Ligand SMILES: Cc1ncc(C[n+]2csc(CCOP(=O)(O)OP(=O)(O)O)c2C)c(N)n1
């Protein structure tokens with residue numbers, strides 16, 4: 001039977017949704033797990049759920065399948081973890097909110113505003129030579145919008161990181177596994 | 001009933017089966033120490049907080065019970081980090097209670113403030129900073145439960161000074177507060193019946209099976225079940241370093257230790273087996289050598305209580321997430337006998353042809369001292385080691401016949417573990433004689449705890465195998481760095497016997513091989529701690545050896561053997 005040495009195959013990007021107890025220090029434990037084992041955190045987003053004693057972490061990470069499997073198991077092992085779910089692209093409604101400050105002097109402004117409209121984004125601040133745009137969407141939409149805005153000069157970006165919910169009636173609940 | 005935070009912790013420790021504490025007081029833990037005195041909670045004052053953690057660790061490993069470690073804030077707490085990490089790596093339970101500056105001053109860089117919570121996250125199974133006295137009762141209960149259930153491990157409760165004196169209503173029978181923590185922290189999964197069926201099929205098919213039994217056998221109380229299974233199915237058993245004692249060393253099926261300094265026959269069996277059943281071991285890199293070449297022809301079965309261990313290092317054909325004892329109980333009712341005389345004969349021949357061996361040259365051979373310890377103690381002691389060559393020789397030459405009779409720092413390899421762990425082991429199992437096999441380097445790292453052994457008259461028998469070297473490192477330098485002995489020599493070794501006398505402990509200095517046996521016999525008779533400084537052969541090496549990063553089949557047998565393995 002073949003055995004694997006540490007690296008096995010291609011890097012994949014995965015999104016985990018983790019329900020944790022809404023307590024002091026839990027986020028430090030999650031972050032420590034990643035730094036201790038040398039795993040990447042591409043983005044991380046935390047907020048309280050409908051149950052105020054429970055927080056939901058959405059975490060985007062990358063690694064080969066063995067590493068992703070370890071991440072899932074190590075997250076599950078934390079005492080404060082209630083549930084871990086890997087969010088599958090196809091079965092998940094995913095969104096990220098991004099604020100983009102883009103150069104828009106008078107002569108370019110209408111072009112930029114057109115892009116905002118096409119993407120159904122919003123302008124939330126306007127000054128003489130810059131706009132702040134708020135866009136919400138999945139990775140594809142945000143990537144495409146940034147691509148189109150880049151030639152005008154992106155001055156600053158703030159991203160929330162991705163959040164996601166499984167489509168349909170399925171929910172992420174239950175006790176520790 | 002209104003109690004202070006300190007009183008609540010004492011009450012809850014008692015109620016949850018914690019019978020003893022090891023520690024050192026200081027400013028930020030004084031109110032709690034005051035209560036320890038008033039309540040007469042059993043406590044051993046150590047000389048270093050690291051020592052306290054190793055004592056609690058040793059105590060747990062021989063008794064199966066959990067002890068508390070108590071320290072002050074700042075340096076007291078940071079001194080526990082190595083001991084906690086050691087316990088975490090070897091799955092040993094400890095409940096550490098660290099003093100902390102008062103809650104209003106947390107975060108102000110107050111005197112002796114350290115971020116104990118942050119520092120201890122990576123070295124504990126779980127930890128708490130208790131800012132509200134009303135949470136204490138639940139936290140202490142959960143702490144003991146987390147430390148001792150599932151895969152055991154150390155926990156820390158950071159305990160601010162104001163919370164130690166704050167008063168609150170206390171009801172000893174009260175259920176813990178939050179809904180989630182009222183659930184068992186860890187539910188032990190039932191063995192998956194499909195996986196068990198597959199394992200049984202593989203067993204029937206297998207001509208050359210082998211078992212690796214890890215510490216899970218000991219921690220899971222499954223030694224009797226393992227012996228029954230191995231004997232009835234006639235499968236040779238390899239014990240990992242920490243699994244020693246989980247299967248009788250005197251049994252003909254016993255193959256000793258695998259891996260880097262494993263026996264030749266264990267490694268040969270691993271290379272040739274067609275079915276490898278790992279029961280509660282974690283496929284450490286010192287066991288597997290190069291993973292790609294590990295057990296190349298085998299179907300691999302791995303039983304572990306920790307899901308994260310399954311498939312972590314070695315690709316596993318049949319992973320079984322369960323309590324190893326439940327799995328063995330099932331196998332014992334279902335496994336059928338199969339004739340494997342050819343395989344057993346082969347293994348027997350390896351044992352005969354490639355035994356552990358060392359040669360005589362008139363000097364004191366470290367292996368000889370260990371054999372003599374085995375004889376003098378009639379194999380009935382608790383045996384502890386430091387870290388280094390002596391540790392490997394102890395694992396090779398001692399014969400453990402009972403679980404919990406061997407205590408060694410495996411995962412972290414912590415020099416200085418030996419003496420404090422011995423003290424803890426004697427406190428945990430006072431009915432058994434405790435023998436520490438230590439190196440001069442390892443012993444030097446915690447010998448201050450001789451004062452603790454002397455103060456409480458804890459009769460640990462300490463055999464220092466003194467080679468004036470950091471021997472294990474010297475061996476690597478000899479073999480892999482062309483004998484460039486960079487900073488491994490102690491030309492001026494202290495007179496350890498005199499040091500012992502200075503602590504009020506009997507000391508022996510042994511330079512002559514003829515005195516080895518008689519010294520050990522005398523030591524056994526003394527009612528108190530004893531230090532024996534054995535001046536052993538300085539450049540003895542541990543054999544066999546699998547070079548770091550090589551496959552187990554590339555094992556070198558050492559100069560005694562002229563034969564090459566194929
Ligand atoms: C705290 C610590 N520091 C360093 C090491 C690295 N190390 C491993 S074995 C060893 C030598 C141990 O020497 P000694 O205790 O005299 O035992 P010997 O190998 O000579 O039997 C060293 C330095 C370690 N394991 N632990």
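Please treat every number below as a calculation from the coordinates, not as lab data. From a predicted model like this one, the values you see are computed outputs, not experimental measurements. Virtual Cβ from ideal backbone geometry, glycine too; neighbours counted across all protein chains shown.
At-a-glance table
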quantity	calculated
Whole-angstrom gap from the stretch B:96-151 to the stretch A:62-106, using each part's C-alpha centre	29 Å
Shape box of the stretch A:4-87 [Cα atoms, principal axes, largest first, Å]	42, 22, 18
12 Å reach of a label modelled at residue A:171, 7 Å along Cα-to-Cβ, counting backbone N of the stretch A:42-73	A:49-52
Relative contact order computed over the stretch A:4-87 (Cα-Cα under 8 Å; 6+ residues apart), in percent	46 percent
For the stretch B:193-353, radius of gyration divided by Kirkwood radius, i.e. Rg to Rh on alpha-carbons	0.91
Antiparallel bridge percentage (DSSP; both residues within the stretch B:2-169; nearest 5)	10 percent
Between 0 and 90°, nearest 10: helix B:471-480 axis offset from chain B longest Cα axis	50 degrees
Convex hull (Cα only) mean projected area of chain B, reported in nm² to one decimal	26.4 nm²
Potential extension, residue A:91-residue A:28 segment - 0.36 nm per residue separation minus Cα distance	19.7 nm
Length-normalised contact order of chain B in % [C-alpha pairs under 8 Å, at least 6 apart]	14 percent
Separation of the residue A:158 and residue A:108 label points, Cα + 7 Å toward Cβ, nm	2.2 nm
Peptide-level mean, for B:294-305, of C-beta atoms on other protein chains within 10 Å	1
nm² value of the averaged projected area, convex hull over the Cα atoms of the stretch B:278-404	11.1 nm²
The stretch B:2-169, Rg to Rh (Cα coordinates; Rh as Kirkwood inverse mean 1/r)	0.92
Cα→Cβ-extended label distance, 7 Å offset, between residue B:285 and residue B:548, nm	0.8 nm
Rounded FRET efficiency, nearest 0.05, which uses the C-beta distance separating residue B:292 from residue B:361 and R0 of 51 Å	0.80
Residue A:13 versus residue B:478: modelled label distance in nm, points set 7 Å from Cα along the beta carbon direction	5.5 nm
Distance from the stretch B:420-488 to the stretch A:143-164 (C-alpha centre basis), Å	60 Å
Pairs of alpha carbons in chain A whose separation is greater than 30 Å (percent)	33 percent
Per-residue average of Cβ from other chains inside 10 Å of B:307-315	5
Label zone at residue A:126 (point 7 Å along Cα-to-Cβ), backbone N below 20 Å, the stretch A:85-101	A:99-101
Semi-axis lengths (Å, descending) of the ellipsoid that matches the C-alpha gyration tensor of the stretch B:373-476	20, 17, 11
Amide N proximity, the stretch B:255-284 versus residue B:334 label position 7 Å along Cα-to-Cβ, cut-off under 17 Å	B:277-279
With 5 Å bins from 0: P(r) over the stretch B:436-566, alpha-carbon pairs, percent	2, 10, 17, 18, 15, 12, 10, 8, 5, 2, 0
Among beta bridges that DSSP assigns inside the protein assembly as shown, antiparallel share in %, nearest 5	45 percent
Chain B: calculated mean residue ellipticity at 222 nm from DSSP helix runs of at least 4, using -39500 (n - 2.57)	-10500 deg cm²/dmol
With Cα atoms, 0 to 90° folded angle of helix B:366-376 axis to chain B main axis	70 degrees
C-alpha long axis of helix B:193-205 to longest principal axis of chain B, angle in °	20 degrees
Peptides ranked, highest mean first, by Cβ atoms within 10 Å: ranges A:9-16, B:312-319	B:312-319, A:9-16
CD proxy at 222 nm, helix term only [per DSSP H run n ≥ 4: -39500 (n - 2.57); per residue of chain A; nearest 500]	-8500 deg cm²/dmol
Rg/Rh ratio calculated on Cα atoms of the protein assembly as shown (Kirkwood radius)	1.03
Convex hull projection area averaged over all views, the stretch A:93-163, Cα basis, nm²	4.2 nm²
